[in-house]
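I have placed the structure first, in the form of structure tokens, so that the comments after it can refer back to it.
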Amino acid sequence: MLYLAGPYSHPDPDVRQRRFVEHCIAAAKLADLDRWPIFSPIAHGHALCETGGLMRLDHEFWMRQCLPFLRNADALIVLSSEGWRHSKGTQAEIEEAEACGIPVYRWCGNDAEVIADLLEG
């Protein structure tokens with residue numbers, strides 16, 4: 001399983017929406033390879049908040065929700081979109097992956113074959 005991480009939290013809901021869309025597009029590209037299951041906590045969590053009415057935006061809650069998935073992942077793919085270096089959640093996910101011996105790859109979100117080559121090469 002590939003875990004797709006990247007920035008999400010921001011006080012501006014338009015920024016959160018844009019980041020959600022970026023992650024959905026990137027997750028779809030990875031899924032389209034049909035080589036690994038993909039988990040995108042941003043696609044999952046944003047839908048729970050915006051459609052399901054979940055009102056939790058706090059970091060600790062989302063780490064409790066997401067890290068169990070990460071701990072079972074074969075690789076962490078970090079979508080290196082604007083803000084990823086300063087994202088508290090993304091940095092926590094990178095640290096957790098490294099502590100668990102899970103390989104971490106940065107990806108710009110364009111060509112999914114780049115990830116396939118890294119994982120299979």
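The values are calculated or read from the model by the stated rules, or taken from the named source; none is laboratory data. Values in this document were obtained by computation on a predicted structure and should not be read as measured data. As a convention, Cβ positions derive from the backbone with ideal geometry for all residues, glycine included, and neighbour counts pool all protein chains shown.
Numbers at a glance
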quantity	calculated
Residue list for region 1-15, restricted to those being more than 15 Å from ASP74 (Cα to Cα) and either β-branched (Val, Ile, Thr) or surrounded by fewer than 19 Cβ atoms within 10 Å (Cβ to Cβ) (or both)	SER9, HIS10, PRO11, ASP12, PRO13, ASP14, VAL15
Some residue of region 102-114 being at pLDDT 90 or above, among the aliphatic types (A, V, I, L, M) and in contact with a helix residue (DSSP H, G or I) (Cβ under 8 Å, 6 or more places away or on another chain)	yes
Residues being in a loop (DSSP other than H, G, I, E, B) and free of Cβ contacts under 8 Å to residues at least 12 places away in the same chain - total across region 96-109	1
Single residue of GLN65, GLN91 found to be without any contact (Cβ under 8 Å) to a residue 12 or more places away in the chain and either within 14 Å of the chain's Cα centre (by Cα) or not in a loop (DSSP other than H, G, I, E, B) (or both)	GLN91
Hits in region 110-121 (condition: of a type in the set (Gly, Ala, Ser) and without any contact (Cβ under 8 Å) to a residue 40 or more places away in the chain)	GLY121
Inter-residue pairs, beta-carbon under 6 Å, first of a type in the set (Gly, Ala, Ser) and in region 34-58, second not in a loop (DSSP other than H, G, I, E, B), 6+ apart	SER40/LEU4; SER40/HIS23; SER40/ALA27; ALA43/HIS23; ALA43/CYS24; ALA43/ALA27
Residue match in region 23-32 (condition: assigned to a helix (DSSP H, G or I) and more than 18 Å from ARG106 (Cα to Cα))	yes
Residue list for region 68-88, filter: charged (D, E, K, R), in contact (Cβ under 8 Å) with a residue 60 or more places away in the chain and in a helix (DSSP H, G or I)	LYS88
Pick from region 73-107, criterion under 19 Å from ARG18 (Cα atoms) and aliphatic (A, V, I, L, M), ranking: surrounded by the most Cβ atoms within 10 Å (Cβ to Cβ)	ILE77
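Here's the yes/no breakdown for (1) more than 12 Å from the chain's Cα centre (by Cα); (2) polar (S, T, N, Q); (3) over 26 Å from PRO11 (Cα atoms):
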site: SER40; (1), (2), (3): no, yes, no
site: GLU50; (1), (2), (3): yes, no, no
site: ASP58; (1), (2), (3): yes, no, no
site: ASP111; (1), (2), (3): yes, no, yes
